[in-house]
1. Tell me which residues, restricted to region 93-119, are outside any loop (DSSP other than H, G, I, E, B), open to solvent by less than 20 Å² (accessible area, probe 1.4 Å) and either under 13 Å from K66 (Cα atoms) or touching a strand residue (DSSP E or B) at 6+ places or on another chain (Cβ under 8 Å) (or both).
2. Give region 292-308 a look and list any residue that's open to solvent by 50 Å² or more (accessible area, probe 1.4 Å) and either in contact (Cβ under 8 Å) with a residue 40 or more places away in the chain or under 19 Å from N171 (Cβ atoms) (or both), or say none.
3. Name every residue in region 278-291 that is free of Cβ contacts under 8 Å to residues at least 40 places away in the same chain and open to solvent by 70 Å² or more (accessible area, probe 1.4 Å), in order of residue number.
4. Could you count how many residues in region 29-67 are farther than 27 Å from N86 by Cβ and in contact with a Ser or Thr (Cβ under 7 Å, 6 or more places away or on another chain)?
5. Would you check if L5 is within 19 Å of the chain's Cα centre (by Cα) and at pLDDT 90 or above?
6. Step by step: first the residues of region 339-364, then only those that are open to solvent by 10 Å² or more (accessible area, probe 1.4 Å) and aromatic (F, W, Y), then the one that is modelled with the lowest pLDDT. Which residue is that?
7. Report, by residue number, each residue of region 68-89 that is crowded, with 21+ Cβ neighbours inside 10 Å, more than 11 Å from I187 (Cβ to Cβ) and among the polar types (S, T, N, Q).
Amino acid sequence: MNESLQNKLSEVIGVNNISYIINNNMDFSVTGYKVMQNQSNSGLIKCAKIMYNGKIKLVYIIEGKKPLSFVATRFGVNELNAVIFNLIQRAMDIKANGFFRAENLELDFNKIFVDTSDYSVHFIYFPLSSGITGKSTAFENEFRVALIKLFNSFPVFTAPQFQRLCSELANGSLPLDVILKKLQDSINGNNYNKVIYENNVQPEYSVQRSTPIIPNGEGYSVYNNQIANNQVVPYEEGYHRKEFFNMEAQVQPQVQSVNRSFVQQPVLTITAINSPVQVVLTVNQPEYLIGKNPNMVNGAVIHNPAISRVHCKISYASGKYYLTDMGSANGTFVNQQRLNKQQTVELNRGDYLKLANSEFVVSF
């Protein structure tokens, strides 16, 4: 959720629903709410409006759907290809709909939901009078950052096709519809395994699917305390994949011996997004300076004059990466929070950085 929405809403998590209390009833859009109710196939979670202690409360019914964060720990590469395709397609449809304000979508991958029966994706939309219309590029930028953060948060997305997709999303000059077309071609050209379905009936889908996840039992609440705290729930009994036939020979990976007497520094990558030129900075040393003067830094960002000659420093210590502002003129931002001069903060996978007005995402 972007900072503007955070200031207007208070979240309440239930068993089969999520609720948000609008802090100021004047922010509620009657027209936006009516449009939501009249567009059943829009990919938005069903919403009900009630009054709570004099304030408007929006209740979203999520029963029967699983958070994207949950699905990312259960699905394989083929299934997630279909989910990501539907996710991008749905977001583009909502952005193109002149009745919705795209920045009023919730883009937290713990609160984007998937119907595991058909891989359809469903968003929470806030009918608020504020926001930027779908014609703005601000939503698309935020959406790209959210997807890149998703890809850097779950092991399954280290597959080559997702890493390529991540690079394409980071390229601001590559339109989303082009990225979507390339993803569709990749899915259509994939050789899926044959799936055994119950009663030998295979349902029809817009994108061919592989092994689905099937609930084994009723009453499971995906919004337990771990999900509520933005953590991924561990594997629980009651969810399993159906068996499938694979006619090709199974290739067993070779196990190599590893010297574990020391912990090697992981390579950290900082990738520019929405940039006129491609910038990828690879950090593999204890200290790494970033700025616009190539003679003074390890990683030069020369296309933006707003970046200082020595803008910030990345350091590695005790198994963690840290970012320090080096007294930059136009600021260093981590997840939209500006650092004070010489302030140091820990970096995490998927963090969104801004050096002056240049945007980057962190992966390692």
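1. Step one: of region 93-119, the residues outside any loop (DSSP other than H, G, I, E, B) are 93-96, 102-105, 113-115.
Pick out the ones that are also open to solvent by less than 20 Å² (accessible area, probe 1.4 Å) and you get 94, 102, 104-105, 113-114.
Hits for region 93-119 are I94, N104, L105, F113, V114.
2. Answer for region 292-308, where residues must be open to solvent by 50 Å² or more (accessible area, probe 1.4 Å) and either in contact (Cβ under 8 Å) with a residue 40 or more places away in the chain or under 19 Å from N171 (Cβ atoms) (or both): I302, H303.
3. V280, N284, P286, E287
4. Of region 29-67, the ones farther than 27 Å from N86 by Cβ are 30-31, 49-57.
Now narrow it down to the ones that are in contact with a Ser or Thr (Cβ under 7 Å, 6 or more places away or on another chain): 57.
Counting residues in region 29-67 that are farther than 27 Å from N86 by Cβ and in contact with a Ser or Thr (Cβ under 7 Å, 6 or more places away or on another chain) gives 1.
5. no
6. The residue in question is F364.
7. Passing the criteria: only S69.
Listed here are the residues, each with its yes/no results for (1) among the acidic types (D, E); (2) at positive phi.
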{"position": "L44", "(1), (2)": "no, no"}
{"position": "N53", "(1), (2)": "no, yes"}
{"position": "L68", "(1), (2)": "no, no"}
{"position": "E79", "(1), (2)": "yes, no"}
{"position": "G98", "(1), (2)": "no, no"}
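The values are calculated or read from the model by the stated rules, or taken from the named source; none is laboratory data. Note that the coordinates shown come from a computational prediction; the quantities given were computed from them, not determined experimentally. We place every Cβ from the backbone using ideal geometry, glycine too, and count neighbours over all the protein chains shown. Quick note on the areas: whole protein, heavy atoms, side chains included, nothing else; ligands and nucleic acids left out. Shrake-Rupley method; radii C 1.70, N 1.55, O 1.52, S 1.80 Å.
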